[in-house]
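Working notes, beginning with the structure itself.
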Amino acid sequence: MHLPKAELHLHIEGTLEPELAFALARRNGVQLPYADTEELRTAYLFEDLQSFLDLYYALMAVLRTEEDFEELADAYLARAAAQGVRHAEIFFDPQAHTARGVPIGTVVEGLGRALDRSEEKHGISTQLIMCFLRDQSAESALLTLEAAKPYLHRISAVGLDSAEVGHPPAKFREVYEAAAALGLRKVAHAGEEGPPEYIREALDVLGVERIDHGLRCMEDPELVKRLVADRVPLTLCPLSNVRLRAIDTLEDHPLRAMMAAGLLCTVNSDDPAYFGGYVGDTFHAVREALGLDQEQLRTLARNSFEAAFLDHDEERRARYLSEVEAYAFD
Ligand SMILES: [Zn+2]
């Protein structure tokens, strides 16, 4: 739980807990279709991807002002700090907000207010990764990048998320090229529900530096070889895989086999309010379910800092890595 770690796959909208959702709904005069937090918490026990996405987008209606986004991020950082997180690279989905009439500036500045204080208040260094919704058009992604231009000082990378199948990475070639030209780094969700081919495409066509999820690389031994040789980090989210039925139970998760294959695996929480735990909870759960020993857990923590976008501050990376080595399990 307290092992120092970086979180590299975390959607800030997926950290909205029922209590905060109701508080923001009251403040903003938004009517939620649930009587109270208890009833809403029951709705979080969704059955499949579609019921998850329906709830996820419905609840975003409560996020309206900079203050709302600030509170959302601050609540996440407080929870993450209590679970050993020392560095967080946080996804946000501008299109999910601009589609509701909330300008991208409100989202970025609001999140930025919490992130600016994060190191001092929570002991967590942070970065923001702007994700494009892959089930929307390539034109919409380009417009989003254009709208983000005044805020690029707050954004370190672009990503690609939401429903994967039928929306291959190549659809976003142009916007990724434009993002790279602006100095942004690149990641993408691939190989969660989509085939191994999508992972190749994300690497070859989009030029991403990390693969978010990448679970299905295990179906393609040549691809595994390449990911191992190139040390491409995978940001795995085991609790999310179970809740969204990518795998049946946590005991079936290929994490152990992926580590044994030499893949650079990291463990993350994805949408923790919805998937049953934050990143420390996730470490705890995989240890229990897969019988990982202390050195394997330490390797996962070490990997998270090696995969982090800290190239501009190697001193900080080295400090975090030495915290991992010095950590005494109790
Ligand atoms: Zn994700």
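Only the coordinates and a few stated rules stand behind these numbers; no lab work does. As the structure is a prediction and not an experimental result, all values here were calculated from the model. When we count neighbours, we look across all protein chains shown, and the Cβ atoms used for this are built from the backbone with ideal geometry, even at glycine.
Which one, Val228, Ala58, Ala273, projects farthest toward the positive side of the charge dipole computed for the chain from Cβ point charges (K/R +1, D/E -1)?
Val228
May I ask you to derive the FRET efficiency for Thr42 and Arg245 from their Cβ-Cβ distance with R0 = 22 Å, giving the value to the nearest 0.05? Intermediate values should be presented prior to the final figure.
On the way: r = 19 Å, r/R0 = 0.86.
Working from the Cβ atoms, E equals 0.70.
Check each of the chymotrypsin sites (Phe, Trp or Tyr not before Pro) in the stretch 221-330 and keep only those in coil by DSSP with at most 10 other C-beta atoms within 10 angstrom; list them in order. Intermediate values should be presented prior to the final figure.
Details: sites: Tyr274, Phe275, Tyr278, Phe283, Phe305, Phe309, Tyr320, Tyr327, Phe329; in loops: Tyr278, Phe309, Tyr327, Phe329.
When the chymotrypsin sites (Phe, Trp or Tyr not before Pro) of the stretch 221-330 are filtered for loop state and at most 10 Cβ neighbours within 10 Å, Phe329 remain.
What is the distance in Å between the Cα centres of the stretch 65-99 and the stretch 254-307?
Centre-to-centre (Cα) distance: 21 Å.
So for the chain, if I pair up every lysine 8 or more residues apart or on another chain, how many of those pairs have alpha-carbons under 29 Å apart?
Lysine pairs, 8 or more places apart or on different chains, close enough: 10.
Is there a quick way to get the dipole size of the chain? I mean about its Cα centre, with the Cβ of Lys and Arg at +1 and of Asp and Glu at -1; what is the value in debye to the nearest 20?
Numbers: 33 positive and 57 negative charges, 114 e Å.
That gives a dipole near 540 debye.
Give me the tail of P(r) for the stretch 184-330 as a percent: Cα-Cα pairs with distance above 17 Å.
Numbers: 6555 of 10731 pairs.
The share of Cα pairs beyond 17 Å in the stretch 184-330 comes to 61 percent.
Using only alpha carbon pairs under 8 Å that are at least six residues apart, calculate the relative contact order of the stretch 187-286 and give it in whole percent. Before the final figure, lay out each step's value.
Numbers: 151 pairs, mean separation 22.9, N = 100.
So the answer I get is 23 percent.
Quick one: if the Förster radius is 35 Å, what FRET efficiency do Arg100 and Ala318 give, using the C-beta to C-beta distance and rounding to 0.05?
On the way: r = 42 Å, r/R0 = 1.21.
For Arg100 and Ala318, the calculated efficiency is 0.25.
Quick one: if you stick a label point 7 Å off each Cα along the C-beta vector at Leu143 and Gln294, how many nm between them?
Using points 7 Å along Cα→Cβ, the separation is 5.5 nm.
Debye calculation, C-alpha points only, no solvent: report log10 I(q)/I(0) for the stretch 81-239 at q = 0.09, 0.10 Å⁻¹, in the same order as the q values.
Ignoring solvent entirely, the Cα scatterers give -0.30, -0.37.
Run the dipole for the stretch 113-211 about the Cα centre, Lys and Arg Cβ at +1, Asp and Glu Cβ at -1, nothing else charged, and hand back the magnitude in debye, nearest 20. Please report the intermediate quantities before stating the final value.
Working: 12 positive and 16 negative charges, 85 e Å.
For the stretch 113-211, the charge dipole is close to 400 debye.
Working out 0.36 nm times the residue gap between Arg26 and Ala178, then minus their Cα-Cα distance, what length gain in nm do you get to one decimal?
Values: separation 152, 0.36 × 152 = 54.72 nm, distance 4.01 nm.
Stretched fully, the Arg26-Ala178 segment lengthens by 50.7 nm.
If you stretched the chain out fully between Arg287 and Ala328, how much longer would it get, using 0.36 nm times the residue separation minus the C-alpha to C-alpha distance? Each step should come with its number before you reach the end.
Numbers: separation 41, 0.36 × 41 = 14.76 nm, distance 1.61 nm.
Additional length available on full extension: 13.2 nm.
What does the extension gain come out to for Arg256 and Leu152, with contour length at 0.36 nm per residue minus their alpha carbon separation?
Values: separation 104, 0.36 × 104 = 37.44 nm, distance 3.76 nm.
Extending this stretch completely gives an extra 33.7 nm.
Could you quote the convex hull projected area for the stretch 26-105, Cα atoms only and averaged over all directions, in nm²?
Averaging across all directions leaves 6.7 nm² for the Cα convex hull.
Contact order normalised by length for the chain, with contacts defined as Cα pairs under 8 Å and 6 or more residues apart; what percent is it? If you can, show how the numbers build up before the last one.
Working: 553 pairs, mean separation 65.4, N = 330.
Rounded, it is 20 percent for the chain.
Pairs of Cα atoms under 8 Å, at least six residues apart: use those to get the relative contact order of the stretch 155-206, whole percent. Don't skip to the answer; put the middle values down first.
Details: 60 pairs, mean separation 25.0, N = 52.
Relative CO of the stretch 155-206 lands at 48 percent.
If a helix is a whole DSSP H run, which ones in the chain reach 27 Å or further along their own axis (Cα) and hold a mean Kyte-Doolittle hydropathy of at least -0.5? It would help to have the intermediate numbers written out before the result.
Numbers: long enough: none.
Helices passing the filter in the chain: none found.
Using a 10 angstrom Cβ neighbour count of at most 15 plus a DSSP loop assignment to flag exposed trypsin sites (Lys or Arg not before Pro), which longest range of the chain is free of such sites? Walk me through the numbers on the way to the answer.
Values: sites that count: Arg100, Arg231, Arg245.
Longest stretch, sites excluded: 101-230.
Largest first, please: the extent of the C-alpha atoms of the chain along each principal axis, to the nearest Å.
In descending order, the Cα extents are 51, 46, 41 Å.
Count charges around Cys265 for me, please; just the other residues with Cβ under 12 Å from its Cβ, Lys/Arg as +1, Asp/Glu as -1.
Local net charge: +3.
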